[in-house]
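The block underneath contains the structure these notes are about, expressed in structure tokens.
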Amino acid sequence: MLSTDDDILNRAESWRRDGKGVAIATVVETWGSAPRPVGSHLVIDEEGNFLGSVSGGCVEGAVVTEAMDVIESGGSRMLEFGVADETAWRVGLSCGGRIKVLVEKVS
Amino acid sequence: MDLSLLSAMNAERTARRATVLVTNPSTGAQRLVKEADVGADPLADLLRDRLRTGRSGMAETPEGELFLTVQVPPVRILVTGAVHISQALAPMAKILGFDVIVVDPRTAFATPERFPDVALHAEWPDVVIPTLGIDRYTAFVALTHDPKIDDPGLRMALASDCFYVGALGSRKTHGKRVERLAEAGFTPEQIGRIKAPIGLNIGAISPAEIALSILGEITAALRLDPATGAKRTAA
């Protein structure tokens, strides 16, 4: 079943209550054409399981990797993604937009 | 984010109350402001404005640059009529992230077998709807054709600030409905809120197609600005 905003944040809570390391990623700013609106969430556990989305699937992989780091290190960090060919070593958005994503650990 | 904040946010959402999570991205400081407590917050005006539009986003404030996560209650579709269309509408609405409640006093219709995993009330609408409440995040859909069942719900919906009211029925059925509501004291403007014939005109024939057209119309009511017809900025 497709997950709704309700399921996403509830899942983050239940993962944490189960003793798992959890991070929440939130789209905080978008420029140009961005696939998911500001306020969209992706939640990630320490094993890399995730629910929700911050883009149309373009940068979720990178966000999950960063989130697993944040779960390890604690705190929060801001990620920024632009078009795919902007930086060859990094994933990006093929739609040409830019997004800023806040990743924070649930502590 | 602190687990206690996350769990308070989830609890408010379940209780259908709006919240704003205020995050300072540079310091990581966060606080959760419940709808009822907005007035006492130093950012009261800004938060009230965000709650009204339902829009999350960055904001320049005296406290610095903050990110506001606005959480409004999930859209709820209140349906009278445990009919064939409702059977299709309930699972489709769930995928869209809408909560569905079906009310029908006819116990042969309102059975858990016909409506697995749906909040179902085999009671009269005038008894049960007041206990459920119709808020501005609610869409009311009348699907029985039976005035005894649909009309009480319609009267409550028209008296509320719900964002959508739709009623199934031919133009003739609707004409009689309009007369009854006018007799009950509703103004033409209030009655004009009712979408009838219900649903977007997509040539729907089957119950599932009609459910799709209703859900399309509800989504449009949610996402389009009625004055301009343009898309509202995302919530």
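The values are calculated or read from the model by the stated rules, or taken from the named source; none is laboratory data. Quantities reported herein were computed from a predicted structural model and do not represent experimental measurements. FYI the Cβ positions are ideal-geometry reconstructions off the backbone, even for glycines, and counts take in every protein chain you see.
What pairs come up if the first residue lies in region B:199-228 and is free of Cβ contacts under 8 Å to residues at least 40 places away in the same chain, the second is crowded, with 16+ Cβ neighbours inside 10 Å and polar (S, T, N, Q), and their beta carbons are under 6 Å apart, counting only those six or more places apart or on different chains?
B:G199/B:S213; B:L200/B:S213; B:I202/B:S213; B:A204/B:S213
Looking only at region A:64-84, count how many residues are of a type outside the set (A, V, I, L, M, F, W, C), surrounded by 16 or more Cβ atoms within 10 Å (Cβ to Cβ) and in a loop (DSSP other than H, G, I, E, B).
1
Residue by residue through region B:78-125, note down the ones that are on the phi > 0 side of the Ramachandran plot and within 14 Å of chain A (Cβ to nearest Cβ).
B:G97, B:D117
So, of the residues in region B:65-110 that are of a type in the set (S, T, Y) and touching a strand residue (DSSP E or B) at 6+ places or on another chain (Cβ under 7 Å), which turns out to be surrounded by the most Cβ atoms within 10 Å (Cβ to Cβ)?
B:T80
Among the residues of region B:40-58, is there at least one that is in contact with a Gly (Cβ under 7 Å, 6 or more places away or on another chain) and either within 23 Å of A:A25 (Cα to Cα) or without any contact (Cβ under 8 Å) to a residue 60 or more places away in the chain (or both)?
yes
Are any residues in region A:58-80 among the hydrophobic types (A, V, I, L, M, F, W, C), within 14 Å of chain B (Cβ to nearest Cβ) and within 10 Å of A:A23 (Cβ to Cβ), and if so, which ones?
Result: A:A67, A:V70, A:I71.
Return yes or no: is B:R13 among the basic types (K, R), closer than 22 Å to A:A25 by Cα and in contact (Cβ under 8 Å) with a residue 40 or more places away in the chain?
When the stated conditions are applied, B:R13 passes them.
Can you tell me how many residues in region B:178-191 are surrounded by 11 or more Cβ atoms within 10 Å (Cβ to Cβ) and small (G, A, S)?
2
Give the residue that is farthest from the other protein chains (Cβ to nearest Cβ), with candidates limited to residues of region B:33-64 that are closer than 20 Å to A:M78 by Cα and buried (at least 19 other Cβ atoms within 10 Å of the Cβ).
B:G57
Would you confirm whether any residue within region B:149-157 is out of contact with any Pro (no Cβ under 9 Å at 6 or more places or on another chain), at negative phi and either outside any helix (DSSP H, G or I) or at pLDDT below 95 (or both)?
Within region B:149-157, none of the residues are out of contact with any Pro (no Cβ under 9 Å at 6 or more places or on another chain), at negative phi and either outside any helix (DSSP H, G or I) or at pLDDT below 95 (or both).
Give me the residue from region A:29-48 that is within 10 Å of chain B (Cβ to nearest Cβ) and touching a Ser or Thr at 6+ places or on another chain (Cβ under 8 Å) and, out of that set, surrounded by the fewest Cβ atoms within 10 Å (Cβ to Cβ).
The qualifying residue surrounded by the fewest Cβ atoms within 10 Å (Cβ to Cβ) is A:P37.
Across region B:158-185, what is the total count of residues that are at pLDDT below 95, more than 20 Å from B:L222 (Cα to Cα) and not in a helix (DSSP H, G or I)?
Summing the residues that are at pLDDT below 95, more than 20 Å from B:L222 (Cα to Cα) and not in a helix (DSSP H, G or I) in region B:158-185 gives 2.
Which of the residues spanning region B:139-187 are of a type in the set (S, T, Y) and touching a helix residue (DSSP H, G or I) at 6+ places or on another chain (Cβ under 7 Å)?
Within region B:139-187, B:T144, B:Y164 qualify.
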